[in-house]
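The values are calculated or read from the model by the stated rules, or taken from the named source; none is laboratory data. Just so you know, these numbers come straight off a predicted model, no measurement behind them. Cβ placement follows ideal geometry from the backbone for every residue including glycine, while neighbour counts extend to all protein chains displayed. Areas reflect the complete protein model, heavy atoms only, side chains present, ligands, DNA and RNA absent. Shrake-Rupley method; radii C 1.70, N 1.55, O 1.52, S 1.80 Å.
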Amino acid sequence: MTKPLAYVVDDDRLLGEAYVHALQMCGFTAKHIQDSTKALPLITEEQPVVVLLDMQMPMLNGAQVLKALRENESTADIKVIVATANHLMLSEEVRAQANLVLQKPVSMDQIRQFATRMLTLHKASEAD
Amino acid sequence: MSDGDTAALPRQLEALDREQLLQTSRKLLAEADALSSRISVLNEIGLAINESLDLERIEHVIAKKAKWLLDFDHCSVCLKEDDDWRIKTLFGGPEPETLDLGKMPNLAQVIYTPRPVIIKAGSESTFLKDYASQIIIPLMAESGFMGAICFATTESNRYTRDDLRIGHMLALQLSSAIRNARNFAELQVTQAELKMRVEELDAYGHTIAHDLKGPLGNVKLRAEMFSMKFREQVPEAATKLVAGIGQSADQMTQMVNQLLTLAKLRTGDEQFTPVNVRKVVDAALERYSHLVETKGIHVEVSELPDACGQAQWIEEIFANLISNAIKYMGQENATPSITITGTSQPAAVRYEVRDTGIGIKPEAQGSLFEMFSRVHEVPDIEGIGLGLSIVSRIITRLRGEIGVESTYGEGTTFWFTLPPATTCVEGELSP
């Protein structure tokens, strides 16, 4: 069975790489997108199981990426995990649209926890 | 002169005196009457100009109403602004030229003495050369000389000492109105500056949080990955060293979070709405679900009444109290548990977060809600003692109260109250 695909959208190169490593350790094929303006076409094309999304990014921020994902029919159901530096700044809209909100810094435990959940869901959907 | 004549004289004199007396009395009465009506006009003007905090509005009132007090064809005000002088014609002509005291000897005299002057037949002033009669009165504040007001008319010998007195009384009222308007304007500038600074500070804080959290998260995650991936391959000492890096990153993260929350708490809007507290508690618990799971803590949440407040801040209260309960659960706790309950009281809703942790000594309970106080001598617990002071500040802001009950060695109960949801009317807290 091929490993499910996860995307990490974060403008911080080192942190993005660390997330990719962590997701790989948890059984995903993971890819990092540093330039958020490229996120939408790549995600639409490759249809990952889950997207780990940073909020504050230049050009196109996380809230805008999330909104676009939800408005696009082919990406509306992709699981999105939002990683925010300050959850007090998070809008109600983002809270409603995200599947999970994590306060930065995200720990390995948290990644493992949601990864396990996503993998179980993914296996169940593949079995259907 | 006959006897009859001599007898008639005192009577005549008497009649004359009486007539004069009557006339004098009438004249005095008329003067008093005029004076009293001038004073009541003066009061009216005083009230009108002191009602406003806007200098232009004050000048407008003077130009319009001072006519009831004094006859004039010209009225101007000269004010010192910082180190500059400004002269402005409020009524009649001419439009002011640039202020040149050399060409305005009377004004210069008022400015330098500073005493009022009364001019009866023409002045050397080029500005007011067409006006034979003038009264120029200084405007004073406690900080000193502020400027002068000038009334003028083309007719000579027009103004009396009484006019000067009335003008002086008007100047007193005007001075206090101008001083108030200036203080108010200054206050507004300061306030705007302060608001801008606070906004800058918040933006700065937010940037710092984001920028710090990136590298911090990276440090933490890589330390954790290292331990996970290479635990079997490296000596135990190496794993321990790396774990220390992760713990330090956690500690720093918490400090950043707390300072950020404090900054946010300082500003923020005051919109209060009914809050589904159960939902908020679930969100707060979700933040610590992994810790609760790994530490095997039993969590129980009873039915919770709704409150009036701000959801994000109530979540912050619960998150802090839950985090504290987890932190101070104790290493060898056989029955670690957290119970969250809520009750409706007549004027408030009360919530409790109860734990079976290590408890707090009675002597430490008093300073618990002060900034930077850490009462536990528990090693390896991150934090700089801001958590409970934040909680306490949030609760005060939400118009509630907080307290603690604890038995050392048995556990701690934090309780707090909030206004009930019914006190929220269309997003506003009713008085």
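Tabulated results
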item	result
Label-zone membership for the range B:389-412, site B:Glu370, 7 angstrom Cα→C-beta point, backbone N under 13 Å	B:389
Solvent-free Debye scattering, log10 I(q)/I(0), computed from the Cα coordinates of the protein assembly as shown at q = 0.10, 0.11 Å⁻¹	-0.89, -0.99
Shape of the range A:66-108, Cα gyration tensor, a/c cut at 1.5	oblate
Heavy-atom accessible area, 1.4 Å probe, ligands and nucleic acids excluded: residues of the range A:21-56 down by at least 50 Å² from chain alone	A:Met25, A:Gln56
For the range B:91-154, alpha-carbon Rg and Dmax in angstrom	11.5, 34
Gain on full stretching of the segment that runs from A:Lys38 to A:Thr120 - 0.36 nm per residue minus C-alpha separation	26.7 nm
Total accessible surface hidden between B and A, rounded to 100 Å², 1.4 Å probe	2700 Å²
The range B:3-186 - Rg (one decimal) and Dmax (whole number), Cα, Å	21.3, 84
Within straight-line cross-link reach of A:Lys3, lysines at Cα separation under 18 Å, skipping those fewer than 8 residues along the same chain	A:Lys31, A:Lys79, A:Lys123
Percent carbon-and-sulfur accessible area, the range B:10-70, ignoring ligands, DNA and RNA, probe 1.4 Å	57 percent
Tensor-based shape of the range B:310-350 (alpha-carbon gyration tensor, a/c under 1.5 rounded, otherwise prolate or oblate)	oblate
Candidate residues B:Thr261, B:Thr341, B:Thr190: accessible-area rank, largest first, probe 1.4 Å	B:Thr190, B:Thr341, B:Thr261
Area accessible to solvent at B:Lys64, 1.4 Å probe radius, in Å²	140 Å²
List B:Phe414, B:Phe369, B:Phe230, ordered by accessible area with a 1.4 Å probe, largest first	B:Phe230, B:Phe369, B:Phe414
Mean-position separation - Cα centroids, the range A:34-110 and the range B:329-369, in angstrom	36 Å
B:Glu142 accessible area, assembled protein chains, probe 1.4 Å, Å²	150 Å²
Rounded Å value of the spacing that divides the Cα centres of the range B:80-117 and the range B:49-77	17 Å
R0 of 41 Å, Cβ-Cβ distance B:Glu200-B:Asp162: FRET efficiency to nearest 0.05	0.10
Whole-number accessible area per residue in Å² for the protein assembly as shown, which is evaluated in the context of all protein chains at 1.4 Å	53 Å²
Rounded to 5, the percent of DSSP beta bridges in the protein assembly as shown classed as antiparallel	70 percent
Within-10-Å neighbourhood charge of B:Asp306 [Cβ basis; K, R +1; D, E -1]	+2
Descending semi-axes in whole angstrom, ellipsoid equivalent of the range B:249-344, from the Cα gyration tensor	25, 20, 9
Binned Cα-Cα distances of the range B:79-227, short to long, each 5 Å bin given as a whole percent	2, 8, 13, 15, 13, 8, 5, 4, 4, 4, 4, 4, 3, 3, 3, 3, 2, 1, 1, 0, 0
Probe 1.4 Å - accessible area at A:Phe28, Å² to nearest ten	0 Å²
Prolate/oblate/rounded call for chain A, Cα gyration tensor, a/c under 1.5 rounded	rounded
Cα-projected label distance for B:Ala108 with B:Glu300, points at 7 Å along beta-carbon direction, nm	9.3 nm
Set B:Lys67/B:Lys88; A:Lys38/B:Lys195; A:Lys104/B:Lys327; B:Lys240/B:Lys279 screened for pairs whose C-alpha atoms are more than 29 Å apart	A:Lys38/B:Lys195; B:Lys240/B:Lys279
Kirkwood-based shape ratio for the range B:190-250, expressed as Rg/Rh from alpha carbons	1.37
Two-decimal Rg/Rh across the range B:269-429, once Rg and the Kirkwood Rh are taken from alpha-carbon atoms	0.96
Over chain B - Rg/Rh using Cα atoms and the Kirkwood inverse-distance radius	1.34
Under 11 Å from the B:Ile39 label point (7 Å along Cα→beta-carbon), backbone N, the range B:165-201	none
For chain B, calculated [θ]222 nm from helices alone, where every DSSP H run of n ≥ 4 adds -39500 (n - 2.57)	-17500 deg cm²/dmol
Residues B:Asp211 and A:Glu46, FRET efficiency given R0 of 35 Å [Cβ-Cβ distance, rounded to 0.05]	0.70
Label zone at B:Asn276, where the point sits 7 Å out along the Cα-to-Cβ direction: the range A:80-94 residues whose backbone N lies under 15 Å	A:92-93
Accessible-area composition of the range B:269-429, carbon plus sulfur, in percent [1.4 Å probe]	49 percent
Fully extended contour minus Cα-Cα distance, from B:Lys120 to B:Lys64, at 0.36 nm per residue	17.7 nm
